[in-house]
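Report on one structure; see the data block that follows.
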Amino acid sequence: MSRKSHALLPLLNKEIKLSASPLSFFFLAFALMAFIPGYPILVSQFFVCLGIFQTFQNGRESNDIVYSAMLPISKKDIVKSRYIFVLFIELLDFILSACFTLIRMTLLKNLSPYVANPLMNANFFYLGFSLLILMLFNVIFVRGFFKTGYYFAKHFIAFIVLAFVVVASSEVIHYIPSFEFVSVTDFSHAKEQCIFLAVCALLFCLLTVISEKSAQRIFEKIDL
């Protein structure tokens, strides 16, 4: 294990044991929404973000940021530890969503409720849109929180608005002529599916890293 990994694990351990709300883990169960036909399944990602939001809210009420600032770690490490926790939950959510999506695209692909589903089906396009919602949460809410280390309501509201724009877009696009394949139930149009997922994964990684570095610079300047 690298020296960097040794440095990151205690930060994640601190977040899980001292800061994390149980709801951050409970809402991972909403990944099961991938199995619900006739429902906007991307809403599951919003609930996962809502669970993470509860950790930020609990931390604010318990002065977790002030406590962390008293530890022998830098302000950059405070930001990093929270981002590590957020990414940990998001990774668990993506793994669960990917597993359930693969089940739908293989074992359940021919079930009539899914074939006749008027809303978006679980496929690689769904996973790509999921990453876009998680990316928006990191860029808008998590980064926004560290502008003060305390106030976050307007940043969460901004995230909600943009997240549901993504949800609405995913439900509209497959009704546009020539884009019906966005809601396929199997691996047809695999090339398009993989390209879209790869682009979304790249955006998620790039913009999350940029938002973390930006949050570190901002947080270092504020007076707790």
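Points worth noting:
- From the list S97, S68, the lone residue that is of a type in the set (S, T, Y) and modelled with pLDDT under 95 is S68.
- Number of residues in region 11-31 that are touching a Ser or Thr at 6+ places or on another chain (Cβ under 8 Å) and under 30 Å from V172 (Cα atoms) equals 3.
- Here F156 fulfils each of the conditions (1) aromatic (F, W, Y); (2) open to solvent by less than 70 Å² (accessible area, probe 1.4 Å); (3) not in a helix (DSSP H, G or I) apart from (3).
- Near pairs, Cβ below 6 angstrom, 6+ apart or cross-chain, from region 85-105 (on the phi < 0 side of the Ramachandran plot) to any residue that is of a type in the set (D, E) and surrounded by fewer than 19 Cβ atoms within 10 Å (Cβ to Cβ): M105/D186
- When residues in region 55-65 are screened for being of a type outside the set (K, R) and open to solvent by 40 Å² or more (accessible area, probe 1.4 Å), 5 of them pass.
- Selection within region 20-50: residues that are open to solvent by less than 10 Å² (accessible area, probe 1.4 Å) and over 30 Å from V115 (Cα atoms). The member of this set that is modelled with the highest pLDDT is S24.
- Positions within region 22-54 being free of Cβ contacts under 8 Å to residues at least 40 places away in the same chain and in a helix (DSSP H, G or I), in sequence order: P22, L23, F26, F27, A29, F30, M33, F47, L50, G51, Q54
The values are calculated or read from the model by the stated rules, or taken from the named source; none is laboratory data. From a predicted model like this one, the values you see are computed outputs, not experimental measurements. When we count neighbours, we look across all protein chains shown, and the Cβ atoms used for this are built from the backbone with ideal geometry, even at glycine. With ligands, DNA and RNA removed, areas are computed over all heavy atoms of the protein, side chains included. Shrake-Rupley method; radii C 1.70, N 1.55, O 1.52, S 1.80 Å.
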